[in-house]
């Protein structure tokens with residue numbers, strides 16, 4: 001497993017080893033022991049999967065506040081995405097900054113998004129499937145969001161934000177300056 005630090009401490013790009021032959025490949029995408037050795041010693045309580053039919057779908061930026069915050073381990077089962085994590089921990093030296101990492105089914109690269117970060121992605125290919133493990137169950141009362149197109153975040157999405165395919169909910173999320181964050185550094 002290859003582990004890459006990103007520009008923001010705690011957000012990691014992780015590429016599990018693949019063992020292949022003429023039949024295809026085998027990869028261990030998560031191991032409690034291996035992940036604990038790199039500092040991710042958490043229990044995952046739920047697996048989620050999404051399918052986005054067209055390229056240019058943006059999902060996010062989402063997060064959950066206490067008492068049921070979520071860390072996420074994100075990977076792509078089919079297609080490619082630009083995966084984004086935004087630091088929303090008040091007092092953090094990287095508050096409001098983001099990390100953007102391309103993930104694909106071809107590479108098997110994953111992104112670890114810790115609690116205290118808003119998460120979202122943009123599909124780069126049609127029929128893209130994304131799977132992610134989370135450390136807290138879905139809780140509608142704790143489900144929050146951040147505007148994906150907030151100019152203060154300056155995320156270079158691979159699609160014009162006005163042309164992006166986005167849910168009504170995600171089009172109405174608050175900007176960072178108006179966000180009441182429950183996370184402290």
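Computed from the coordinates by the stated procedures, all read-outs in this text should not be read as laboratory data. Bear in mind the structure is a predicted one, so any value in this text is a computation, not a measurement. Positions of Cβ are generated from backbone atoms using ideal geometry, with glycine treated the same way; all protein chains shown enter the neighbour counts.
For all pairs of alpha-carbon atoms in the range 86-141, what percent lies in each bin of width 5 Å, listed from the first bin to the last filled one?
4, 14, 23, 21, 19, 14, 4, 1
With a ≥ b ≥ c the root eigenvalues of the C-alpha gyration tensor of the range 125-185, is it rounded (a/c under 1.5), prolate (a/b larger than b/c) or oblate?
In terms of gyration-tensor shape, oblate.
Once the convex hull of the alpha carbons of the range 28-111 is built, what does its volume come to per residue, in cubic angstrom? Kindly include the intermediate steps, with their values, before the conclusion.
Values: hull volume 10.9 nm³, N = 84.
Dividing the Cα hull volume of the range 28-111 by its residue count gives 130 Å³.
Tell me the mean residue ellipticity at 222 nm calculated for the chain from its helices only (DSSP H runs of n ≥ 4, each -39500 (n - 2.57), averaged over every residue, nearest 500).
Working: 2 runs with 10 residues, N = 185.
About -1000 deg cm²/dmol.
Mind checking the alpha-carbon convex hull of the chain and giving the volume per residue in Å³?
On the way: hull volume 21.7 nm³, N = 185.
Roughly 117 Å³ of hull volume per residue.
Find the relative contact order for the range 27-185 and round it to a whole percent, using C-alpha pairs within less than 8 Å whose residues are 6+ positions apart. Before the final figure, lay out each step's value.
Values: 359 pairs, mean separation 54.1, N = 159.
Relative contact order, the range 27-185: 34 percent.
Neighbour counts of other C-beta atoms within 10 Å: give me 149, 178, 139 arranged from fewest to most. Walk me through the numbers on the way to the answer.
On the way: 149 18, 178 10, 139 14.
Result, fewest neighbours first: 178, 139, 149.
Taking Rh as the Kirkwood radius computed over C-alpha pairs, what is the Stokes-Einstein D of the range 1-75 at 4 °C in a medium of viscosity 1.567 mPa s, expressed in µm² per second? Present the calculation step by step, with values, prior to reporting the outcome.
Values: Rh = 15.2 Å.
The Stokes-Einstein estimate is 85 µm²/s.
Just how far, in whole angstrom, is the range 149-175 from the range 1-52 if you go by their alpha carbon centroids?
Here the two parts' Cα centres lie 27 Å apart.
Pick out which of 19, 119, 62 has the largest mean-square fluctuation in a Gaussian network model of the chain, springs linking Cα atoms closer than 10 Å.
The residue that fluctuates most here is 19.
Over the range 76-118, what is the relative contact order in percent, taking alpha-carbon pairs closer than 8 angstrom and at least six residues apart? Before the final figure, lay out the partial values.
On the way: 67 pairs, mean separation 20.6, N = 43.
This gives 48 percent for the range 76-118.
Over its Cα atoms, what ratio of radius of gyration to 2.2 N^0.38 Å does the range 56-154 give? Don't skip to the answer; put the middle values down first.
Details: Rg = 13.2 Å, N = 99, 2.2 N^0.38 = 12.6 Å.
The range 56-154 yields a ratio of 1.04.
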